[in-house]
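J.: The structure that follows is given in the form of structure tokens.
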Amino acid sequence: MNVTVSRKAHFNAAHKLYNSDWTDARNAVVFGKCSNPNFHGHNYELIVSVKGSVHPETGFVMDMKELKKMINAEIIDAFDHKNLNEEVPEFKKLNPTAENIAVVIWNKLRLKIAINLALTITLYETPRNFVTYTGE
Ligand code: NI
């Protein structure tokens, strides 16, 4: 019997989307306002979901206090109020799209969460646009 537990978190961050192999004109066509060279911000909503069996002694899949601490230490402290392109090393050469941010978050948390638990990252870049990554 597997149960999924989830924790919501929030961070604000600036980014621009840009492929340095392309001309500014092509970047503007593909990325639109998100290629603005002066950057812009998003209010990111993060949902971290952990699936596994319920431990018979605690009744927990995992201790949510521990999950909260991990998300704060690994993600919020690293991303909140940062310029993702310029201040977060993972995005020095990686375009900080919602897709790539979700993969980076998954990779960071995967190292901290017990391997018998399945991890899913859902990241909202806007209230209507969100991505999901499960490590596949
Ligand atoms: Ni954007």
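Only the coordinates and a few stated rules stand behind these numbers; no lab work does. Since the model is a prediction, treat every value here as computed from it, not as a measurement. A quick note on method: Cβ atoms are made from the backbone with ideal geometry, for glycine too, and the neighbour counts reach across all protein chains shown.
J.: If you check Leu119 against the conditions, is it hydrophobic (A, V, I, L, M, F, W, C) and closer than 23 Å to Val5 by Cα?
T.: yes
J.: Would you pick out the residues in the stretch 122-136 that are away from the ligand (no atom under 16 Å from the Cβ) and either over 15 Å from Val5 (Cα atoms) or without any contact (Cβ under 8 Å) to a residue 40 or more places away in the chain (or both)?
T.: Selection gives Thr132, Tyr133, Thr134, Gly135, Glu136.
J.: May I pose another question? Working carefully through the options Phe60, Phe91, Phe79, find the one that is in contact with a strand residue (DSSP E or B) (Cβ under 7 Å, 6 or more places away or on another chain), over 16 Å from Gly135 (Cβ atoms) and of a type in the set (Phe, Trp, Tyr).
T.: Phe79
J.: Select from the stretch 16-42 the residues that are charged (D, E, K, R) and within 16 Å of the ligand (Cβ to nearest atom) and list them in ascending order.
T.: Result: Lys16, Lys33.
J.: Here's another thing I want to ask about it. Considering each of Asn85, Asn100, Asn72, Asn95 in turn, give the residue that is touching a residue at least 60 places away in the same chain (Cβ under 8 Å) and touching a helix residue (DSSP H, G or I) at 6+ places or on another chain (Cβ under 8 Å).
T.: Result of the check over Asn85, Asn100, Asn72, Asn95: Asn85.
J.: Any residue in the stretch 13-32 that's under 14 Å from Pro96 (Cα atoms): show its pairings with residues that are among the acidic types (Asp, Glu) and more than 10 Å from the ligand (Cβ to nearest atom) at Cβ separation under 8 Å, as long as the two are six or more apart or on different chains.
T.: Ala13/Asp80
J.: So is Ala13 of a type in the set (A, V, I, L, M), crowded, with 18+ Cβ neighbours inside 10 Å and within 13 Å of the ligand (Cβ to nearest atom) or not?
T.: Judged against the criteria, Ala13 is a match.
J.: Same structure again: Report, by residue number, each residue of the stretch 1-27 that is farther than 30 Å from Ala118 by Cβ and in a strand (DSSP E or B).
T.: Ala14
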